[in-house]
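Data block below; observations after.
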Amino acid sequence: MFNLILFGPPGSGKGTQSQRIIEKYGLIHLSTGDLLRTEISLQTSLGIMARNFMDQGLLVPDEVVIAMIASRIDENPRALGFIFDGFPRTCAQAIALDDLLNRKHGEISLVLSLVVPEPELIRRLLHRGATSMRADDASENLVRARILEYHDKTAPVADHYARLGKFRTIRGDGSVEETFLLLCTEIDSLL
Ligand code: B4P
């Protein structure tokens, strides 16, 4: 099994690049952001609760996203591997993910972290906010709150994977195609 984490701040290109990677490598895409937005659109109790956090630029509680990921892993017993997009976002989520994969005799193969300067992150997210219905991209204050949450709670997750020798950084400020080629080079070096 090849299990990849796409890591990086909001707007760094995780969702954009995940689409291309699944097409090329046949991995199952697990995006906690997409799963939460589906719950919101279906107006489930989970979605209503999650929306309160997301609309403030805050992370959704660990136990909620960990349970979502656990059930999606269980639903795909024959997967060649997974691409985790936007998960794990806290150290508790990283430890839970290691545990979930270990139970299936698997592990994280590689963490690729997209590095993009903050002004470019803000530009991309506000541009998406102006052209889509995503409430969490709607204002600069909200976008900045999400970036702060990333530095506070998500950036420390990098150390967890660096200690395991699985963490690599990639320039994410080029075009979508340029970034994709850099990611493929790293993935191909392990396959
Ligand atoms: P996500 O859905 O993961 O959203 P995101 O971090 O903004 O990244 P996304 O993948 O969508 O954007 P991308 O960089 O590809 O999370 C949303 C919220 O859900 C979180 O704030 C949190 O509240 C909650 N949540 C999700 N997972 C959670 C977890 N594990 N724990 C707790 N809470 C969780 O793209 C951004 C824009 O940039 C796009 O418009 C794209 O077109 C553009 N772009 C991408 N690459 C580009 C490039 N190379 N050049 C120019 N533009 C580019």
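The values are calculated or read from the model by the stated rules, or taken from the named source; none is laboratory data. No experiment lies behind these values; they were computed from the predicted model shown. When we count neighbours, we look across all protein chains shown, and the Cβ atoms used for this are built from the backbone with ideal geometry, even at glycine. The protein model used for the area step is the full one, side chains on, heavy atoms only, and it has no ligands, DNA or RNA in it. Shrake-Rupley method; radii C 1.70, N 1.55, O 1.52, S 1.80 Å.
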The stretch 134-148, residues that are more than 14 Å from the chain's Cα centre (by Cα) and among the charged types (D, E, K, R): R134, D136, D137, E140, R144
Hits in the stretch 155-191 (condition: under 16 Å from S18 (Cβ atoms), open to solvent by 60 Å² or more (accessible area, probe 1.4 Å) and among the charged types (D, E, K, R)): E177
In the stretch 83-118, residue surrounded by the fewest Cβ atoms within 10 Å (Cβ to Cβ) [restricted to those that are under 14 Å from M1 (Cα atoms) and among the polar types (S, T, N, Q)]: N102
Residues (open to solvent by 40 Å² or more (accessible area, probe 1.4 Å), farther than 24 Å from A145 by Cα, of a type in the set (A, V, I, L, M) and free of Cβ contacts under 8 Å to residues at least 60 places away in the same chain) located in the stretch 36-82: L42, A67
Pairs where the first residue, in the stretch 127-148, is under 14 Å from S12 (Cα atoms) and the second is open to solvent by 80 Å² or more (accessible area, probe 1.4 Å) and basic (K, R), C-beta under 6 Å, 6+ apart: D137/R128
Single match in L121, L183 (criterion: in contact with a strand residue (DSSP E or B) (Cβ under 8 Å, 6 or more places away or on another chain) and either part of a helix (DSSP H, G or I) or over 28 Å from G26 (Cα atoms) (or both)): L183
Residues of the stretch 1-35 satisfying the condition of being at positive phi and either near the ligand (Cβ under 10 Å from one of its atoms) or free of Cβ contacts under 8 Å to residues at least 40 places away in the same chain (or both): G8, G11, G13
The stretch 149-166 residues that are in a loop (DSSP other than H, G, I, E, B), paired with ones that are surrounded by 12 or more Cβ atoms within 10 Å (Cβ to Cβ) and hydroxyl-bearing (S, T, Y) (beta carbon under 9 Å, 6 or more apart): P156/T90; K166/S109
